[in-house]
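Heads up: the structure comes next, in structure tokens.
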Amino acid sequence: MLLAINIRNSFLELGIFDGDCLMHTCRISTDRTRTSDQYAILIRDVFAIEGYTFDKNTNSVMASVLPELSGVLKRAAKLLIGKEPFVIDEKAKEILGVGQMEMAENTVCNALYIREHYPLPAVLVDNGTTVKLVGVNENGKVAGYAFCAGIELTLKALTTATSQLPSIAFRAAPRAMGQTIEEALNAGVILGAASMIDGMINRFASELGGLNSVILTGKYTDVLPPLCEHEMIVNDYLALEGLRLVYGKLCEKADEK
């Protein structure tokens, strides 16, 4: 078995693979105050509910955008399976030949998976604390990327930086012109995000010289596609599949030596 760990700003994505088959996934909220022991217990218990246990035959692979949690999760993985995870880092990027651009390791994994599984050129829309858009050109290379504020971050900024806009419960907006403050906030945040994403995809397509795929992953993958003009391929497990793919490639290169 392979345990894949993707450390994001607001949550951890975890997946168990049996060969190339993704057997089970879960998400755990990112908490910088948790210890390695606490994370190990959480991960063990959440998979045990589904009947999965870890032993010496389990391997693990990890990518992180939070350096302050990388060491904590490395120790947690070692507590679970008796050995540290294979960490996708700068050295791994060099081995894969993708170290030419300043990119987060999970972005590298996503881009490599897109290169092998979707028609190119392609744009990845990764929706989380930020919305990250990544352009993959017709040759499978990352041509560039952009960061925009995520839905929750935008809503938080609006309600904390103003005196009369209240905190609200998030829900999809049925129309652009809201009739109440709550409807107006949801319309601006949700439909504004969809419009921003569409506009950025258009710009990426122009710079890529065409576009054959738009892949959406992260949060709100059920909400955004109907609101966007571009047809989107939803892959909720892209980062985990990318980690599995990269792990396999690095293992193959190690065996060749």
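When the stretch 45-63 is examined, which residues are found to be under 15 Å from Arg27 (Cβ atoms) and without any contact (Cβ under 8 Å) to a residue 12 or more places away in the chain?
Scanning the stretch 45-63 gives Asp45, Ile49.
Consider the stretch 111-129. How many of its residues are under 21 Å from Asp222 (Cβ atoms), surrounded by fewer than 20 Cβ atoms within 10 Å (Cβ to Cβ) and aliphatic (A, V, I, L, M)?
Qualifying residue count, the stretch 111-129: 0.
Residues to consider are Ile41, Ile7, Ile28; find the one that is more than 22 Å from Ala104 (Cβ to Cβ), outside the structural domain of Tyr237 (by TED's automatic domain parsing) and among the β-branched types (Val, Ile, Thr).
Numbers: Ile7 fails: more than 22 Å from Ala104 (Cβ to Cβ); Ile28 fails: more than 22 Å from Ala104 (Cβ to Cβ).
Matching residue, one of Ile41, Ile7, Ile28: Ile41.
Which pairs do you get when a residue that is assigned by TED's automatic domain parsing to the domain that holds Thr217, found in the stretch 106-124, comes within reach of a residue that is modelled with pLDDT of 90 or more and aromatic (Phe, Trp, Tyr), reach meaning Cβ atoms under 6 angstrom, with the pair 6+ apart or on two chains?
Cβ pairs passing all conditions: Val123/Phe204.
Taking the criterion of being surrounded by fewer than 17 Cβ atoms within 10 Å (Cβ to Cβ), touching a residue at least 12 places away in the same chain (Cβ under 8 Å) and in contact with a strand residue (DSSP E or B) (Cβ under 9 Å, 6 or more places away or on another chain), would at least one residue in the stretch 89-99 satisfy it?
Checking the stretch 89-99: at least one residue is surrounded by fewer than 17 Cβ atoms within 10 Å (Cβ to Cβ), touching a residue at least 12 places away in the same chain (Cβ under 8 Å) and in contact with a strand residue (DSSP E or B) (Cβ under 9 Å, 6 or more places away or on another chain).
Does Thr30 qualify as being among the hydroxyl-bearing types (Ser, Thr, Tyr) and either within 21 Å of the chain's Cα centre (by Cα) or surrounded by fewer than 15 Cβ atoms within 10 Å (Cβ to Cβ) (or both)?
Against the criterion (among the hydroxyl-bearing types (Ser, Thr, Tyr) and either within 21 Å of the chain's Cα centre (by Cα) or surrounded by fewer than 15 Cβ atoms within 10 Å (Cβ to Cβ) (or both)), Thr30 qualifies.
Listed here are the residues, each with its yes/no results for (1) of a type in the set (A, V, I, L, M); (2) touching an Asp or Glu at 6+ places or on another chain (Cβ under 7 Å); (3) within 27 Å of Lys132 (Cα to Cα).
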| residue | (1), (2), (3) |
| --- | --- |
| Thr35 | no, no, no |
| Phe47 | no, no, no |
| Glu50 | no, no, no |
| Thr53 | no, no, no |
| Val61 | yes, no, yes |
| Ala77 | yes, yes, no |
| Phe86 | no, no, yes |
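The values are calculated or read from the model by the stated rules, or taken from the named source; none is laboratory data. The shown structure was predicted, so the numbers you read here are calculated from the model rather than taken from an experiment. Note that we place each Cβ from the backbone using ideal geometry, even for glycine, and neighbour counts take in every protein chain shown.
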